[in-house]
Amino acid sequence: MATALCPGSFDPVTLGHLDIIERTARHFDDVIVAVIRNPQKSQSLFTLEERQEMLGEVTAHLTNIRIEFFKGLLVDFARDNGAAAIVKGLRAISDFDYELQMAQMNQRLSGIDTFFISTSPQHSFLSSSLVREVAKYGGDVSSMVPPLVAKRLTERYGEPKDRA
Ligand code: PNS
């Protein structure tokens, strides 16, 4: 049984994340979506519980997924959960330097390999931080996030056309 980790902040989960999670679930027996409890990011939009609820709902069609929180080193969480691999999406060359550095550090620390999946082109510009910013200022992000997340953003900020 090979278990993979898909780590991140998921504040909120986007269609880009979901694409990577779905494709990871096709290649591994089990996938843990590992949501970081990050004390540095005090500007989070959604609470950990809200993020977990959204992730749970939007991955409900997948049978080999569970959503967990972690803090501290990702590789410690990976080892504690018997994960064989970390899986990340690569959007553009700009992601590469930092992702490679993290992958190499994680490999050195634990022997756990990181596998990169190329982001689908239609999602290559997407990030949670941009989604948060666009939604906050009234932009329509409904084509970039699952419908539930779009609903939660509307509850937070109002209908896109009414936002300002
Ligand atoms: O969605 P994000 O915020 O880009 O996710 C980044 C994350 C959580 C994957 C990364 O910050 C991480 O793995 N943090 C855990 C702490 C850790 O292990 N740091 C050493 C990395 S080499």
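The values are calculated or read from the model by the stated rules, or taken from the named source; none is laboratory data. Treat the numbers as computed from the prediction; the structure is a model and nothing was measured. Note that we place each Cβ from the backbone using ideal geometry, even for glycine, and neighbour counts take in every protein chain shown.
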In the set Val35, Val31, Val13, the lone residue that is more than 14 Å from the ligand (Cβ to nearest atom), buried (at least 17 other Cβ atoms within 10 Å of the Cβ) and of a type in the set (A, V, I, L, M, F, W, C) is Val31
When every residue in the stretch 137-158 that is in contact (Cβ under 8 Å) with a residue 24 or more places away in the chain and assigned to a helix (DSSP H, G or I) is compared, the one farthest from Ile21 (Cα to Cα) is Arg156
Sole miss for Phe115 among (1) more than 9 Å from the ligand (Cβ to nearest atom); (2) under 17 Å from the mean Cα position of the chain (by Cα); (3) under 13 Å from Leu5 (Cβ atoms); (4) surrounded by 15 or more Cβ atoms within 10 Å (Cβ to Cβ) is condition (4)
Reported set for the stretch 60-74 where residues are within 8 Å of the ligand (Cβ to nearest atom) and either in contact (Cβ under 8 Å) with a residue 60 or more places away in the chain or small (Gly, Ala, Ser) (or both) is Phe70, Gly72, Leu74
- request: Return a yes/no flag: does the stretch 118-132 have any residue that is among the basic types (Lys, Arg), within 16 Å of the ligand (Cβ to nearest atom) and in a loop (DSSP other than H, G, I, E, B).
  value: no
By residue number, the members of the stretch 2-46 that are at pLDDT below 95 and of a type in the set (Ser, Thr, Tyr) are Ser42, Ser44
Out of curiosity, is Asp140 closer than 23 Å to Phe46 by Cα, touching a helix residue (DSSP H, G or I) at 6+ places or on another chain (Cβ under 8 Å) and among the acidic types (Asp, Glu)?
yes
- Query: Is it true that Leu5 is away from the ligand (no atom under 13 Å from the Cβ), touching a residue at least 24 places away in the same chain (Cβ under 8 Å) and either of a type in the set (S, T, N, Q) or closer than 19 Å to Asn64 by Cα (or both)?
  - Reply: no
Subset of the stretch 79-91, residues of a type in the set (A, V, I, L, M) and either free of Cβ contacts under 8 Å to residues at least 12 places away in the same chain or within 14 Å of the ligand (Cβ to nearest atom) (or both), comes to Ala83, Ala85, Ile86, Val87, Leu90
